[in-house]
Amino acid sequence: MDLVSRQDPYLQEVMWFAMCCRALTLLLQASALFNLLIPDHAADAFSPPRLAEPGPGDVLLERLLGGLSRWDAEHFLFIAERGYLYEHNFAFLPLYPLSLRALAEVALWPLGGLLRLRSRLLLSAALLNSLCSLLAAAALYQLGCLVLRCRKVAFLAALLFSLSPANVFMAAAYSESMFACLAFSAMWQLEKGQSCLSGLLFSLASGVRANGVINAGFFLYSHGKGFALQLQVGSGSIRRLPLVWKQLLSLASSALLMCAAVCLPFALFQYYAYRRFCSPGPGLEQAVPEPLLQLALDKGYHLAATSGVKPPWCSQHFPVVYSYIQDTYWNVGFLRYFELRQIPNFLLALPVTLLVSWAACTYVLANPWHCLTLGLERRKSEEGEKPRAGFCCPAVLVYMVHATGLLVFGFLCMHVQVLTRFLGSSSPILYWFSAHLLQEHEPLLWSEGTDDQTLAPHSEKHLLGKAPGSGGKGTSENPLGRLLMNCRLITPLSKCVLGFFVSYWLLGLILHCNFWPWT
């Protein structure tokens, strides 16, 4: 039975709430009030010169959406317009800027007479990220219904996603929205048993962000778990070894093939960079306008090695430009960020670090044996029993391991302040655990039903009254809206969780859109 119907009123409310939050985000980032209160910071960030004189339409669009083009957004917009011109541009994978260029050239082609290419790219970013955010929220809800087997927690988690602490990066010309959309959709399809479609989506995700290659682990675990549990089915009689080996070889080959497909876009991009910088040919030469050449001289940016001088990473045993750029340009490496002057950035990352760490501890304490055996053992006591629902259910294990791995790697090896958007766009755990805490400890959510309810029929009443979508579109019809409307009555824990989401949602808009450092 399909657990999530197309007419699901909860899904409709998720989409409506996501649409309202995205519209409010775009409205606030364009607000003149923010610019009056906080003037733009003179940041030492990538800022290429505009080679064409802007028209009235370009000036208006920059006024309305200029807040979406700050910091790394300049890289994506520049790549979409000029291609991979400078060496450090290769830190940003190609699928997102390619999508912006396609949307600007095809869908927004009629606006060519009013807007120059860069303005159409900026408008494309706002439209594409809005769409991807809506789809990501829907995919997260449907993934939660399958994994958690508790519609209430899945619904609340999807609503929290629309108030994500990484909200400004979901709206700006960054790749987070597209990555979240592809990753959550791929996880959902894998849970449904659609391995081929899931593999395609995971593969596209690895063409958006480099950490997409880690998602190959979902395939390895899914295939390995299926094989391990299959071996334990039966009466325990002597098995036919040739059949077992045949199944094992078939499983290994299909899993490795899927993993190779997931990693292929990233590998091809590294090969393209190698050809551009280490083995340049006549067909790869690119004419560089004089102002961009001057920018390279002024800032020390490296262009493709047309003069025969190759960068040092070309002579490495594994010439991977991505790791070289992270090391050389951004000083990314093990414990390199552990300095006294970075304490403010560690404080910025503290809420998400505590939440995900708390989630890991909660899950391990609730399922010690399941975690110890990696969920590969079929326990006799569980056979025939109804599966546990909610955040601590067995199916969450692989997502918990994924989130914990990202947290540990990001905390030790990355610029720690990016953990909020890193985890917020890559893992559902941040939203599932936050929804779990609210559902477990907030009396306002106990008005109807119990937390151990699994997926209910659509005719069942909503936990806070009538089901969403049954009339109107007010915020009082979803649990998050009720908590926000009654913020003075909620528990201190709920205030902390919602305070983190709402404050980062708003502060990110105020600071990031005015070129001030943020996560």
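Tabulated data for the structure shown
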| read-out | value |
| --- | --- |
| Accessible surface, per residue, of the range 19-140 when the full set of protein chains is kept, probe 1.4 Å, Å² | 44 |
| Neighbour cut-off at most 12 other Cβ (10 Å), DSSP loop, chymotrypsin sites (Phe, Trp or Tyr not before Pro), the range 292-335 | 334 |
| Convex hull projection area averaged over all views, the range 68-194, Cα basis, nm² | 8.8 |
| Mean accessible surface per residue for the range 156-225, computed with a 1.4 Å probe while every protein chain stays in place, in Å² | 23 |
| Convex hull volume per residue in cubic angstrom - Cα atoms of the range 119-258 | 113 |
| Gyration tensor verdict on the range 292-355 (Cα atoms; rounded if a/c is under 1.5, prolate if a/b is larger than b/c, oblate otherwise) | prolate |
| Computed log₁₀ I(q)/I(0) - Debye formula, equal Cα scatterers, no solvent, the range 47-113, q 0.16, 0.29 Å⁻¹ | -0.61, -1.42 |
| Shape of the range 255-378, Cα gyration tensor, a/c cut at 1.5 | oblate |
| Cα-based radius of gyration of the range 91-141 once divided by 2.2 N^0.38 Å, which approximates compact folds | 1.27 |
| Of every Cα-Cα pair in the range 152-203, the percent that sits beyond 19 Å | 39 |
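The values are calculated or read from the model by the stated rules, or taken from the named source; none is laboratory data. These figures come from a predicted structure and were not determined experimentally. For neighbour counting, all protein chains shown are included, and Cβ atoms are generated from backbone atoms with ideal geometry for every residue, glycine included. Note: areas computed on protein heavy atoms with side chains; ligands, DNA, RNA excluded. Shrake-Rupley method; radii C 1.70, N 1.55, O 1.52, S 1.80 Å.
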